[in-house]
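First up is the structure itself, then whatever we jot down about it.
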Amino acid sequence: MAFMIDCGMDRDNIADLIAFITIAQERSFTRAAARLGLSQSALSHALSRLEKRLGVRLLTRSTRSVSATEAGERLLTTVEPRFEEVDAALAQVSEFRDKPAGTIRLSAGEHAINAVLWPRLQRFTKDYPDIRLELISENSLVDIVAQRYDAGVRLGEQLAKDMIAVRIGPDWAMAVVGAPSYLKGRTLPASPQDLTDHVCINLRLPTHGGNYVWEFEQDGRRLNVRVDGQLAFSSSSHILSAALVGSGLACIPEDIAAPHLRTGALVRMLDDWMPSFDGYHLYYPSRRQTSPAFARLIEALRYRPT
């Protein structure tokens, strides 16, 4: 607002200008006072201060009406549109409080994005075209506050206690699988310990700098097995591709393996040893201000068992 800068306007000067504009628009001290929530005396003092500061009379008052002088008309013509522009700008900003808009940044693992987020967010992006989404695929546990994410997605057991968590997916399990071409001439493992006799494809974990330890459970007995093989990837989709061409056994989420199990491209084993994991949760800092856009996202992702 250049006119404020040029005139060295402070808060009181702006208030006096608003008083003048309102009186000129209403052509009445009584109506202007009611509109601004001020007394007529306070309104009169504000106008007097402005006229004294400028050294000219801005309004002509009679017993029946109020009208602008030539100087008042010129000032009104200059400043009234500026204030209207400010009001319009403030109204546009206020829309962000009520209208779902803005950018939401999410940190999630590849499997969470493919299995949970993207299937639901396809419809979400169509329903809310003014919301921009950034889905950053990371298998490591990141500090979402330090990295300036709005929220993250992790398994329930991995959540920090100072976070608000919303469940967005069902429990799920891993599956140990292999291609018929790999299994030809080999004996299927009957127990997790038998995996040491097989070539396995490892999942590299960036957080710990090591490989994922395959987890098993049966009758309350937990068993972790470190497998060995020629290949290691940081992506389940790459592990799946390697397993499909017979490069070794893989331990991948069962929903990824399911289509290939149905076609016979993969064979499942050790099914009775596979534990289930807590479903994915959307988590975010408890002190986060929930915007309309973020609130809509939560409701779109919230898990509702059928």
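The values are calculated or read from the model by the stated rules, or taken from the named source; none is laboratory data. All values derive from a computational prediction rather than experimental measurement. As a convention, Cβ positions derive from the backbone with ideal geometry for all residues, glycine included, and neighbour counts pool all protein chains shown.
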Find all pairs meeting these conditions: Cβ atoms under 6 angstrom apart; at least six residues apart or on different chains; first residue within the range 120-147 and of a type outside the set (V, I, T); second residue surrounded by fewer than 11 Cβ atoms within 10 Å (Cβ to Cβ). R132/T103; S140/T207; L141/T207
For the range 188-213, which positions are closer than 22 Å to S241 by Cα and free of Cβ contacts under 8 Å to residues at least 40 places away in the same chain? T196, D197, N202, R204, G210, N211, Y212, V213
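Looking at the range 114-137, can you tell me whether even one residue there is touching a Phe, Trp or Tyr at 6+ places or on another chain (Cβ under 9 Å) and of a type in the set (G, A, S)? Steps first, answer last, please.
Within the range 114-137, the subset touching a Phe, Trp or Tyr at 6+ places or on another chain (Cβ under 9 Å) is 115-117, 131, 133-136.
Checking the rest, the ones that are also of a type in the set (G, A, S) come to 115.
Yes: one or more hits.
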Tabulated pairs, the range 61-84, first on the phi < 0 side of the Ramachandran plot, second among the hydroxyl-bearing types (S, T, Y), C-beta under 7 angstrom, 6+ apart or interchain: V66/S28; S67/T60; T69/T60
Do we have A293 as outside the structural domain of N211 (by TED's automatic domain parsing), of a type in the set (A, V, I, L, M) and either under 23 Å from G169 (Cα atoms) or touching a residue at least 40 places away in the same chain (Cβ under 8 Å) (or both) here? yes
Strands (runs of 3 or more DSSP E) enclosed by the range 167-279 - at least 3 residues per element that are surrounded by 14 or more Cβ atoms within 10 Å (Cβ to Cβ) and not charged (D, E, K, R): 172-178, 202-205, 214-218, 250-253
Kindly establish whether S286 is within 30 Å of I164 (Cα to Cα), of a type in the set (S, T, Y) and in contact with an Asp or Glu (Cβ under 7 Å, 6 or more places away or on another chain). yes
A careful count of residues in the range 27-46 that are assigned to a helix (DSSP H, G or I), under 15 Å from S65 (Cβ atoms) and either among the hydrophobic types (A, V, I, L, M, F, W, C) or touching a residue at least 40 places away in the same chain (Cβ under 8 Å) (or both) gives 2
